[in-house]
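One structure is given here, and the rest of the page talks about it.
The values are calculated or read from the model by the stated rules, or taken from the named source; none is laboratory data. Keep in mind that what you see is a predicted model, and the values were worked out from it rather than measured. FYI the Cβ positions are ideal-geometry reconstructions off the backbone, even for glycines, and counts take in every protein chain you see. Heavy atoms of the whole protein, side chains included, go into the accessibility calculation; ligands, DNA and RNA do not. Shrake-Rupley method; radii C 1.70, N 1.55, O 1.52, S 1.80 Å.
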Amino acid sequence: MKIAAFGHYPIHRPLHGGQRRVAAIARQARAAGHIFRYVPIYSTRSYPDGSPDEQRTAVPMALLPRLHDPQRREDLHISDALAAHPLIPGLIGELRDFAPDAVQFEHPWLYPLFAEALERDPILRRARLIYSAHNVEAALIDPHWRAQAEALEAALVAAADLVIAVCEADARHFACQQGAPAIVVAPNGCWAPDPEARPPAPLDGAYALVAGSAHPPNATGYWASFGEIPGFLPPRSRLAVAGAMTQLITTDARYERYAQMNAEFVAPLGVVAEETLSGLLHHARAICLPITEGGGTNLKTAEALLSCKPVVAMRPAMRGFEDAEGLSGVHVADDPVQFRRLLRDAMTGAIGSQRRPEDVAQYGWPAQLAPLMSRYESLAA
């Protein structure tokens, strides 16, 4: 089956969760024998490291000021910014030449640019329409824009032949919408680490690891779970903060207020290379999941589970992974006080983990995306 997929970020060098999910879907689809063509339409201000081929379909420079207008949302209004630009008719022409069996949208934001062609073009109207939802978007957006996001998501759900949900809760939400099609649940996962690999340690001494993107709920969870200073950590241990969330933390007034003490307890690493992240996971004393809000499922949870290290999580981090709560070394807190106590115990060795790779293989991408691969086969039949 030929699948044309559209998204609003490049995946050549996937860093945040959405990029990793799309890259994994593409890899698994191709491994299953499908022709999977992904086209990103994105801002080079937000993603400056797209490949040369991905940069070909980036938002033109002249439109970036409008796209990044502080009175607008980059994701919700990307279709408005591009509606009259010749980039889109050109992409529709390329899509027609490709003659896909299915057209898949990662998130709903780009759908309005192609909706008319998909409905009326004699070649494109034969393609199955797939909405690959990463969460319920309208539930996470600023209330000022919520109605607009709800209408966009509802229109795509009603037009789609298939909706991909990341968890059962999201699937139930989409199933209740008018005109909802078939829904497949394909949770987030990660690639299993090489059991033979022994990556070098990026940090000296004992540390707990928290990693995340610049998604605002990551910062909210950090402050709620760790407080302004993670001074509850045992002596000579630190909290390593990796990913784009680092800037959200270190530029916050709460961090700066206690800059000297945070310098003692926190190692802010910023965005790190894949090899560095592998080393951080391998050598961490514990993996932290301080998630207190948000939707969908978090692939950092799968990453933590497959590390086989002690995991200390706030309960919302286990959304979609509830069956993992009984595994060795998975410690779930219902409030910040319990979270901090569990993390301290993990750092002192009072609690540990006996998880084995075979205990968590079901949280790897091949297993998590298997239901979607089966549904692709059904669509192709």
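Cβ-Cβ distance of E228 and H144, R₀ of 30 Å, FRET efficiency by 1/(1 + (r/R0)^6): the value works out to about 0.55. Measuring nothing but protein heavy atoms, the accessible surface of the chain at 1.4 Å probe radius is 52 percent carbon and sulfur.
Considering only beta bridges that DSSP places wholly inside the range 229-381, some 0 percent are antiparallel. Multiplying the residue separation of R254 and Q71 by 0.36 nm and subtracting their alpha-carbon distance yields 63.2 nm.
When only alpha carbons are used to place a centre, the range 16-72 and the range 260-291 end up 27 Å from one another.
Over what distance in Å are the Cα centres of the range 76-117 and the range 304-362 separated? The two parts, judged by their Cα centres, are 42 Å apart. Peptide packing: for 13-21, 255-263, 25-33, 74-82, the average count of neighbouring Cβ atoms within 10 Å per residue gives the ranking 13-21, 74-82, 25-33, 255-263, highest mean first.
Largest accessible area first, the listed residues H283, H85 line up as H283, H85 when surface is computed with a 1.4 Å probe on the assembled protein chains. Rounded to the nearest 10 square angstrom, R285 shows an accessible area of 110 square angstrom against a 1.4 Å probe. Each residue was assigned an accessible area with a 1.4 Å probe, and for S378 the value is about 70 Å². Mind checking the angle between helix 370-380 and the chain's longest principal axis? C-alpha axes, 0 to 90 degrees, to the nearest 10. The helix 370-380 is inclined about 0 degrees to the chain. Near F232, once Lys and Arg are set to +1 and Asp and Glu to -1 for all other residues with Cβ below 15 Å from its Cβ, the sum equals +2. Please give the helix 336-348 orientation as an angle from the longest Cα principal axis of the chain, in degrees from 0 to 90, rounded to the nearest 10. Tilt of helix 336-348: around 60 degrees. Here the calculated FRET efficiency for E94 and A180, from their Cβ-Cβ distance with R0 = 22 Å, stands at 0.15, rounded to the nearest 0.05. Probing with 1.4 Å while keeping every protein chain in the model, the per residue accessible area of the chain equals 44 Å². The angle between the Cα long axis of helix 17-31 and the longest principal axis of the Cα atoms of the chain comes to about 60 degrees, rounded to the nearest 10.
D194 contributes about 90 Å² of solvent-accessible surface, heavy atoms of the protein only, 1.4 Å probe. When H107, H173 are compared by accessible area of protein heavy atoms, the largest-first order is H173, H107, using a 1.4 Å probe.
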